[in-house]
Amino acid sequence: MSINEDVIVEVLTRSARHCCICRQFLPLSIQVHHIIEKSDGGTDDFDNLIPVCIQCHGYIHTIPHMTRKFTTKELIKCRDNVYEMVSVGKLPATRSMTRNELETVSSILAETLRTSSNKEDLSDEALKLLSATLCEESSIKINKVSERSSIIIIGNQHFTPEDKFVGQYPKPIIELLSQGLIESKGDELEITTAGSRLVGELVQTTSTYTQKKIKCLNCSLHFIICTWDKDKHDSSSISCPECGQGKGLFLIWTQQKFGFIFQDVPGNAMLYDSPRL
């Protein structure tokens, strides 16, 4: 017997189609999973269901040899946290920054620190972590894999520090703690007012633009439009540069990007053509 459709709708709407494990908005990749499998006595009731993406669903069923598997209590906690975040407006969240975007923020932040008289230099790794903490609006979680390695999780970003632990934390975390830019909050670390003040103005004032990736359904050409106005360039206003089709037969993916449009120029490309004035 399948799960009642009304119950499925309740699960999907309460989570706003976010995966309760990775917390990503994956509207067409969300599955409704039984926390306690029916073969183990679980039911189709709302309280025994959790929305997860296809990839995380596979992780739940994986039996690891070196790490801990997902437990019933953990799955329930993950689900309830996401339901709460959706209800108070913390999800949907803003898009996660890419590694290239974090590199841009970190390099500018490094220059800011070099001109500051009251702050010591921070390592590149520490700068990336501080940038990610503010831009992701997320706390820092540290999963200690072994005595010499760890995974640092900030929102949807994962970092593997190059340096080994110095006491309780990896070296870049120690740097940020020693300067009062982050602080311990139980099992997690959060950016402090000083840390927010250090990078807040930078992040808020640096430009963002929209990149739209487009596929023409008439000739199958893929092309990209970069624009400062995210609400322009939809199917009603685009024409294919290959076949000239302008009947709205396009698939369009859109993404906010951090930085400046010229940074999307391919590699080290030379100017190919220009208007003949």
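The values are calculated or read from the model by the stated rules, or taken from the named source; none is laboratory data. In this text, all values refer to a predicted model and were calculated from it rather than measured experimentally. Every residue, glycine among them, receives a Cβ derived from its backbone with ideal geometry; neighbour counts consider all protein chains shown. These area figures cover heavy atoms from the full protein model, side chains too; ligands, DNA and RNA do not enter into them. Shrake-Rupley method; radii C 1.70, N 1.55, O 1.52, S 1.80 Å.
Yes/no per residue for (1) out of contact with any Gly (no Cβ under 9 Å at 6 or more places or on another chain); (2) of a type outside the set (Asp, Glu); (3) closer than 16 Å to Asp80 by Cβ:
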residue	(1), (2), (3)
Cys19	yes, yes, yes
Arg23	no, yes, yes
Gln31	yes, yes, no
Gly42	yes, yes, no
Asp45	yes, no, yes
Ile50	yes, yes, yes
His57	yes, yes, no
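Considering the stretch 47-87 alone, what residues qualify as being open to solvent by less than 50 Å² (accessible area, probe 1.4 Å) and of a type outside the set (A, V, I, L, M)? Lay out the reasoning, then the answer.
Let us first name the residues in the stretch 47-87 that are open to solvent by less than 50 Å² (accessible area, probe 1.4 Å), namely 48-53, 56-58, 60, 64, 75, 78-79, 82-83, 85-86.
Those that are open to solvent by less than 50 Å² (accessible area, probe 1.4 Å) and of a type outside the set (A, V, I, L, M): Asn48, Pro51, Cys53, Cys56, His57, Gly58, Pro64, Cys78, Arg79, Tyr83.
Please go through the stretch 174-198 and give me each residue that is modelled with pLDDT of 85 or more, touching a helix residue (DSSP H, G or I) at 6+ places or on another chain (Cβ under 7 Å), surrounded by 15 or more Cβ atoms within 10 Å (Cβ to Cβ) and not in a strand (DSSP E or B), ordered by number.
Answer for the stretch 174-198, where residues must be modelled with pLDDT of 85 or more, touching a helix residue (DSSP H, G or I) at 6+ places or on another chain (Cβ under 7 Å), surrounded by 15 or more Cβ atoms within 10 Å (Cβ to Cβ) and not in a strand (DSSP E or B): Glu175, Leu176, Leu181.
Identify, please: which residue in the stretch 225-277 is surrounded by 10 or more Cβ atoms within 10 Å (Cβ to Cβ) and acidic (Asp, Glu) and is, among those, modelled with the highest pLDDT?
Glu242
How many of the residues making up the stretch 199-224 are at pLDDT 85 or above, among the polar types (S, T, N, Q) and closer than 29 Å to Glu137 by Cβ?
Let us first name the residues in the stretch 199-224 that are at pLDDT 85 or above, namely 212-224.
Checking the rest, the ones that are also among the polar types (S, T, N, Q) come to 218, 220.
After this cut, where a residue has to be closer than 29 Å to Glu137 by Cβ as well, the list is none.
Qualifying residue count for the region: 0.
Do you know which of the residues in the stretch 118-165 that are open to solvent by 50 Å² or more (accessible area, probe 1.4 Å) and closer than 16 Å to Glu183 by Cα is modelled with the highest pLDDT?
Only one residue fits best here, namely Lys141.
If I filter the stretch 41-63 for residues that are closer than 27 Å to Ser146 by Cα, part of a loop (DSSP other than H, G, I, E, B) and free of Cβ contacts under 8 Å to residues at least 40 places away in the same chain, do I get at least one hit? So that I can check it myself, show each step before the final result.
The initial filter retains those residues of the stretch 41-63 that are closer than 27 Å to Ser146 by Cα, namely 55-63.
Add one more test, that the residue is part of a loop (DSSP other than H, G, I, E, B), and what stays is 62-63.
With free of Cβ contacts under 8 Å to residues at least 40 places away in the same chain added as a condition, the list becomes 62-63.
Yes: one or more hits.
If we keep just the residues of the stretch 23-61 that are under 21 Å from the mean Cα position of the chain (by Cα) and among the hydroxyl-bearing types (Ser, Thr, Tyr), which is modelled with the highest pLDDT? Spell out how you get there, then give the answer.
First, the residues of the stretch 23-61 that are under 21 Å from the mean Cα position of the chain (by Cα): 23-31, 50-60.
Among the residues that remain, those that are also among the hydroxyl-bearing types (Ser, Thr, Tyr) are: 29, 59.
Working: Ser29: 83, Tyr59: 88.
This residue is Tyr59.
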